[in-house]
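Asks: Take a look at the following structure, please.
The values are calculated or read from the model by the stated rules, or taken from the named source; none is laboratory data. Values in this document were obtained by computation on a predicted structure and should not be read as measured data. Cβ placement follows ideal geometry from the backbone for every residue including glycine, while neighbour counts extend to all protein chains displayed. Each accessible area value is taken on the protein alone, full model and side chains, heavy atoms only, with ligands, DNA and RNA left out. Shrake-Rupley method; radii C 1.70, N 1.55, O 1.52, S 1.80 Å.
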Amino acid sequence: RVFTVGDGPARVYVFMFDSPQAKSLPLVLFHHGWMGMNPRNFGGLIDLMARRGAVVFYPVYQDGEDTPLQAVSELAAQANAQALRDVQQHFPGLVDTTKTLYWGFSMGAGISLNLALEPQRHGLPAPRALLLVAPGDAPHVATGERAASILPRVERLPRNLPTLIVTGAADTAIGVPTARALAARL
């Protein structure tokens, strides 16, 4: 089952296995990279997660290239929180928020990190784990004032929060250097 909550940058695509018996499913907050607003970019992975029993939220969080990079975490947080309220209202008991994964690709890794630092402030469940794939940051897609880093002080993350950083050896411009810098700080 696929449906959307909200419009524009507040839109979230919700993916879930369509089964009336489904209860207490894990939640995946899936944060895409810059300009990756269409979930078809990750269709196979999202489909796999939903078919394996996860509810997947894919927030759009931007209107295009004009969206301020420093606003994307807040936009994603608001959209995710609204989707969670809607799912809990229309499908009570479907999601077990104690089983929440924050999944971030490129710029989405920064979003996942920001939300993981203060999930309650955003009305979100605390992550049980973080998966950061080819992490990126604002300087990789912008210049000038727009290039101010969105990466938080990751040293403030709970030390017992499992965090996996994945990148490819050929991603020498963005993923590998950012992953190494994050890993050193964690």
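Asks: Please build a GNM for the chain, connecting alpha carbons under 10 Å apart, and tell me which residue among Phe91, Phe15, Phe30 fluctuates the most.
Replies: Judging by the Gaussian network model, the answer is Phe91.
Asks: Springs between alpha-carbon pairs under 10 angstrom, Gaussian network model over the chain: which of Leu84, Leu45, Leu29 fluctuates most?
Replies: Highest fluctuation among the options: Leu45.
Asks: Can I ask one more? Specify the angular offset, from 0 to 90 degrees and rounded to the nearest 10, of the alpha carbon long axis of helix 175-185 from the longest principal axis of the alpha carbons in the chain.
Replies: 90 degrees
Asks: Sticking with this structure for a sec: GNM on the chain, C-alpha springs below 10 Å: top fluctuator among Gln82, Gln120, Gln62?
Replies: Of the options given, Gln120 has the highest mean-square fluctuation.
Asks: Would you work out the relative contact order for the range 29-112, in percent, from Cα pairs under 8 angstrom that are 6 or more residues apart?
Replies: 48 percent
Asks: Report the extension gain between Glu118 and Ala147 in nm, rounded to one decimal, defined as 0.36 nm multiplied by the number of residues separating them, less their alpha carbon distance. Can you show the working numbers first?
Replies: Details: separation 29, 0.36 × 29 = 10.44 nm, distance 2.29 nm.
Length gained between Glu118 and Ala147: 8.1 nm.
Asks: Among Ala71, Leu124, Asn41, whose Cα lies farthest out toward the positive end of the dipole of the range 33-168, if unit charges sit on the beta carbon of Lys, Arg (+1) and Asp, Glu (-1)?
Replies: Checking the options against the dipole of the range 33-168, the answer is Leu124.
Asks: Could you list, bin by bin from short to long, the percent of Cα-Cα pairs of the range 1-56 in 10 Å steps?
Replies: So the P(r) values, bin by bin, are 22, 56, 21, 2.
Asks: Hey, another quick one. With θ set to phi - 60° and the Karplus curve 6.51 cos²θ - 1.76 cosθ + 1.60, what are the ³J(HN,Hα) couplings of the range 78-90 in order, to the nearest whole Hz, using x for Gly and Pro?
Replies: 4, 5, 4, 5, 5, 4, 5, 4, 5, 5, 5, 6, 8
Asks: Sticking with this one: At q = 0.22, 0.24, 0.25, 0.31 Å⁻¹, what base-10 log of I(q)/I(0) does the Debye formula yield for the range 129-186 when every alpha carbon is treated as an equal point scatterer in vacuo?
Replies: Scattering profile of the range 129-186, log10 relative to I(0): -0.91, -1.03, -1.08, -1.29.
Asks: When only C-alpha pairs under 8 Å and at least 6 residues apart count, what is the relative contact order of the range 93-151, in percent? Don't skip to the end; give the middle numbers.
Replies: Working: 95 pairs, mean separation 22.6, N = 59.
This gives 38 percent for the range 93-151.
Asks: Rounded to the nearest 500 deg cm²/dmol, what is the calculated helix-only ellipticity per residue at 222 nm for the chain, with -39500 (n - 2.57) per DSSP H run of length n ≥ 4?
Replies: So the calculated ellipticity at 222 nm is -8500 deg cm²/dmol.
Asks: Keeping all protein chains in place, calculate the accessible area per residue for the chain (probe 1.4 angstrom), answer in Å².
Replies: Roughly 49 Å² per residue, with all protein chains present.
Asks: Let me ask something else about it. Take the chain, mark every one of the trypsin sites (Lys or Arg not before Pro) that falls in a DSSP loop and has at most 11 other Cβ within 10 Å, then report the longest stretch left between them, sites excluded.
Replies: In the chain, the maximal stretch lacking such sites is 53-152.
Asks: While we're looking at this one, here's another question. Can you give me the % of accessible surface on the chain that is carbon or sulfur? Probe 1.4 Å, all protein chains present, nothing else counted.
Replies: Roughly 52 percent of what the probe reaches on the chain is carbon or sulfur.
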